[in-house]
Amino acid sequence: MHAFTTGFFLGLSLIVAIGAQNAFILRQGLLRQHVGALVLFCSLSDTALIWAGVYGLGGLVQPMMQGYQDWLFALAALWLASYGLLRLRAGLRAEAELAAAGSQAASLRAALLVCAGLTFLNPHVWLDTVVLLGLFSLPFEGAGRFAYASGATMASFCFFALLGYGAASLSGFFARPVSWRVLEFAIAALMLFFAVLMLGQTSWLRG
């Protein structure tokens, strides 16, 4: 039980902060578009990364990322900035009042591709989920390590389900044009802010 609760609360602490992936799921939840599929995708992606880190991949990922760290962070910054500019454009357009009932839904494939990019092109996802969670699993052995990974996995499923389906309950408020514009601008600002942070992680700017 100690191993399970440790994995649960550590995993929850790493994903609960509003990041690029979470902001995207929040937006899709408000639109009520592909929520179940996206929640499942994020949860299963986290599960794969968690178990890979707990059972040894973290030790391999860290040195590989150090060799290509600058390029990985630059690629993540470019992806985040591109998505941020798309949200900024949507907020500026006259038809940006995307009430959940009236807007044209993006395809499931397009939504999953965006979600995959925000998940797997973010170096912090690999560092936090694979390396850090893997490192904290070292004190546990056998059944304890299995329980630790199960706890972190449970945290991921609970959080993404709450984020996606909880956001849907606010869709009435965001049906108002001004509310949706504020959300689009807020997401754009978040994405561009994270893009700058990613660039700041490179030795090109730190040096």
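The values are calculated or read from the model by the stated rules, or taken from the named source; none is laboratory data. Because the structure is predicted, anything quoted here is derived from the model rather than measured. Note that we place each Cβ from the backbone using ideal geometry, even for glycine, and neighbour counts take in every protein chain shown.
Taking the condition of being part of a loop (DSSP other than H, G, I, E, B) and modelled with pLDDT of 85 or more, how many residues in the stretch 70-118 meet it? Residues that pass the stated criteria total 1. Pull out all pairs, ordered by first then second residue, where Cβ-Cβ is under 7 Å, the residues are six or more apart or on different chains, the first lies in the stretch 120-143 and is small (G, A, S), and the second is buried (at least 19 other Cβ atoms within 10 Å of the Cβ). Close Cβ pairs satisfying both conditions: G134/G53; G134/V54; G134/G58; S137/V54; S137/Y148; S137/A149. Scanning the stretch 156-179 for residues that are in contact with a Gly (Cβ under 8 Å, 6 or more places away or on another chain) and buried (at least 22 other Cβ atoms within 10 Å of the Cβ), we see that the one that is modelled with the highest pLDDT is S156.
Per the conditions (1) over 30 Å from A77 (Cβ atoms); (2) part of a helix (DSSP H, G or I), the sole criterion not satisfied by E141 is (2).
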